[in-house]
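These notes concern the structure reproduced below.
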Amino acid sequence: MLNKAIKLIEAKQYEEAQTILRSLLDAFPQDATIHFYYATTYDSLGLERKAIPYYEKAIDYGIEGELRQRTFIQLGSSYRCIGEYEKAANMLEQGLEEFPDNLALQAFLAMTLYHMREEKRAVSMLIHALVASSSDPWIKKYEKALTFYADHLDEVWD
């Protein structure tokens, strides 16, 4: 049944997926994966406040692997969307402690930092992510300079 619900989510049939997932949650109330996908249906419908408790339970119940990374991203993003910037930053930073190379976590954290008026840290983080992930020849050509300046944004040289 879970696979059917996932396929419905992929087909953007969120309400139908919710019906299946709700019955699965009734049967398996501590299943982290079911909580994640149930949260995802609310999130996909723009109902972040309803999604958040289910993402939180997914983490509490020990979701693992790629779904754990997705949970950190989607929960952090949901907090950011409703203006809970401190919670968003904490969740995304917790995700980065476990998955330091996840560039999506870094990007969502940078957006959150922008809202928290930590623009310097946000820009630095985005530059580092760009350098780490870009195959653009111009970024590669200036990789050393971009990396240096990302860490020295406020400095001026005479």
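General remarks:
- For first residues located in segment 140-152 and within 13 Å of LEU126 (Cα to Cα), partners that are small (Gly, Ala, Ser) and surrounded by 10 or more Cβ atoms within 10 Å (Cβ to Cβ) and lie 6+ apart or on another chain with Cβ distances below 6 Å form the pairs ALA150/SER124.
- For segment 125-148, residues that are crowded, with 17+ Cβ neighbours inside 10 Å and either closer than 23 Å to SER78 by Cα or in contact with a Lys or Arg (Cβ under 8 Å, 6 or more places away or on another chain) (or both) total 3.
- Residue within segment 111-124 that is among the small types (Gly, Ala, Ser), in contact with a helix residue (DSSP H, G or I) (Cβ under 6 Å, 6 or more places away or on another chain) and not assigned by TED's automatic domain parsing to the domain that holds LEU47 present: yes
- Residues (assigned to a loop (DSSP other than H, G, I, E, B) and buried (at least 18 other Cβ atoms within 10 Å of the Cβ)) located in segment 67-101: GLU84
- Members of segment 102-146 that are assigned to a helix (DSSP H, G or I) and over 24 Å from the mean Cα position of the chain (by Cα): PRO137, TRP138, ILE139, LYS140, LYS141, GLU143, LYS144, ALA145, LEU146
- Every pair of residues 6+ apart whose Cβ atoms lie under 6 Å, when the first sits in segment 79-96 and is assigned by TED's automatic domain parsing to the domain that holds THR40 while the second is surrounded by 15 or more Cβ atoms within 10 Å (Cβ to Cβ) and of a type in the set (Val, Ile, Thr): ARG80/THR112; TYR85/THR112; ALA88/THR112; ALA89/THR112
The values are calculated or read from the model by the stated rules, or taken from the named source; none is laboratory data. All figures in this text were calculated on a predicted structure; none of them were measured in a lab. Please note: Cβ atoms are built from the backbone with ideal geometry, for glycine as well, and neighbour counts cover all protein chains shown.
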